[in-house]
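What follows draws every value from the coordinates through simple rules; no lab data is involved. All figures in this text were calculated on a predicted structure; none of them were measured in a lab. Virtual Cβ from ideal backbone geometry, glycine too; neighbours counted across all protein chains shown.
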Amino acid sequence: MATVLKDSLQTIQTHRALSPHYTELLDILEEIMILREEYRRRIQRETFPVDEKLITAKMAGGFPLVDFSSVTGDLTEPQQYFLALLEIAEKRAPGETNEMARKIIEGEIRFNDLIYESFNPLPEEEEEAADDEENSSFDLVELFIEESLRPALEMVVTRYGAAAAKAGWKEGYCPICGREPKIGEIRGKKENRYLFCNQCGFEWNYRHIKCPFCGNEEQQSLAYFTIDGDERYRVDVCNECKRYIKIVDFRGAKQKADLDVEDIATLHLDMLANDEGYD
């Protein structure tokens, strides 16, 4: 993992030089990745045990290996990681996250509830009303809630990812944790499209002519757009559900993309997609 971290930090440095307007976000990502590596090494046990006897049935039925429809397990280690992540936000907005940390430590806020709400969000109307009451620092808090599970879920990927891939998962959401992808990559001579889960780090092969969000397979309502001068990046869009996913293609550069970094370094594509009416 140390080699992977070194490569990631080098990619971040490259993007800093190419896109200085992303420097602050890339600085935050760099701190997250260093802290993630530290907590990878700290994990003592499986936070999310998987019943191996059910893997085949779950994959065939479209059920992720880890079920977040209820959150009842011991999340002590992810909580410790989350509290460490909050310190990254605290440095940038002093005082705003210390109160949340205190409430979690003293039991006023249940960390398990934060995880449940992350995977089972409020209806859109309620969510918009709640967002109006929050300040900008809580954008980072939402990111950290998601990130807090990453080292523990990576253990599931390491142990069962090959079985999930072999099962021929056909859904657009992650077979490990159920999150929807934000970004993917084109690979190989056959131009296979792999989707990436920011939550657990798993990648899975997914059909080109199919929307990962609504399952639409009508070619005339599926499209993509690129930015002039950089064909390595594109946005796949669906005109049925009005959703999009970013795709990178580094085959010409003969390198594998670091999709954690590329997701941050391509936020301009998110803005373009939003401006065109895609979510």
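Counting beta carbons within 10 Å around each of His15, His268 and listing the fewest first gives the order His268, His15. Estimated at 0.36 nm per residue, the fully extended path between Lys91 and Thr14 surpasses their Cα-Cα distance by 25.3 nm. I need the shape label for the stretch 180-275. Rule: rounded when a/c is under 1.5, else prolate if a/b > b/c, else oblate, with a, b, c from the alpha carbon gyration tensor. Because its axes are fairly even, with a/c under 1.5, the stretch 180-275 counts as rounded. At q = 0.15 Å⁻¹, what log₁₀ I(q)/I(0) does a Debye calculation on the Cα points of the chain give, no solvent, two decimals? Log10 I(q)/I(0), no solvent term: -1.36. Here's the picture: charge each Lys and Arg Cβ at +1 and each Asp and Glu Cβ at -1 in the chain, and of Ala163, Ser19, Phe196 the one pushed furthest to the positive end of that dipole is Ala163.
List the relative contact order of the stretch 180-275 as a percent without decimals, with contacts defined as Cα pairs under 8 Å and 6+ residues apart. Once normalised by length, the contact order is 24 percent. Modelled label positions at Arg159 and Ala253, each set 7 Å beyond Cα in the direction of Cβ, lie 3.5 nm from each other. Counting only Cβ charges, +1 for Lys and Arg and -1 for Asp and Glu, the dipole size of the stretch 199-274 around its Cα centre is about 160 debye.
Projecting label points 7 angstrom from Cα along Cα→Cβ for Lys6 and Ile227 puts them 3.0 nm apart.
For Asn112 and Asp279, what is the calculated FRET efficiency with R₀ set at 35 Å and r taken between the beta-carbons, to the nearest 0.05? Efficiency, rounded to the nearest 0.05: 0.80. Here each label is just a point 7 Å from Cα along the line to Cβ, and for Ala84 and Glu24 those points are 2.6 nm apart. Loop-located GluC sites (Glu not before Pro) across the stretch 6-103 with a Cβ neighbour count of 13 or fewer within 10 Å are Glu46, with loop assigned by DSSP. Based on Cα contacts under 8 Å between residues 6+ apart, the chain shows a relative contact order of 17 percent. For the options Leu267, Leu29, Leu75, a Gaussian network treatment of the chain with springs between C-alpha atoms closer than 10 Å singles out Leu267 as fluctuating the most. Within the stretch 187-216, name every residue whose backbone N is under 19 Å away from a label modeled 7 Å from Cα of Glu46 along the Cβ vector. Once the point is set 7 Å along Cα→Cβ of Glu46, 200-202 turn out to lie under 19 Å by backbone N, inside the stretch 187-216. Counting charges near Lys246 (Lys, Arg +1; Asp, Glu -1) among other residues having Cβ under 9 Å from its Cβ returns a value of -2.
Based on DSSP, what percent of beta bridges with both residues in the stretch 180-275 are antiparallel, to the nearest 5? Can you show the working numbers first?
Working: 20 of 23 bridges.
Roughly 85 percent of the beta bridges in the stretch 180-275 run antiparallel, per DSSP.
Each Lys and Arg Cβ is given +1 and each Asp and Glu Cβ -1; about its Cα centre, the stretch 159-237 then shows a dipole of about 440 debye. Estimated from helical segments only, the mean residue ellipticity of the chain at 222 nm is -14500 deg cm²/dmol, where each DSSP H run of four or more residues counts as -39500 (n - 2.57). Charging the Cβ of each Asp and Glu at -1 and of each Lys and Arg at +1, and nothing else, the dipole of the stretch 2-151 about its Cα centre rounds to 1140 debye. With the charge dipole of the chain set up from +1 on Lys and Arg Cβ and -1 on Asp and Glu Cβ about the Cα centre, the Cα lying farthest toward the positive end among the listed residues Thr56, Phe213, Ser118 is that of Thr56.
Is the shape of the stretch 2-151 rounded, prolate or oblate, going by the alpha carbon gyration tensor and its root eigenvalues a ≥ b ≥ c, with a/c under 1.5 for rounded and a/b larger than b/c for prolate?
Working: a/c = 1.59, a/b = 1.18, b/c = 1.35.
Cα axes put the stretch 2-151 in the oblate bin.
Cβ crowding within 10 Å, taken as a proxy for footprinting-reagent exposure, orders Met271, Met100 from fewest neighbours to most as Met271, Met100.
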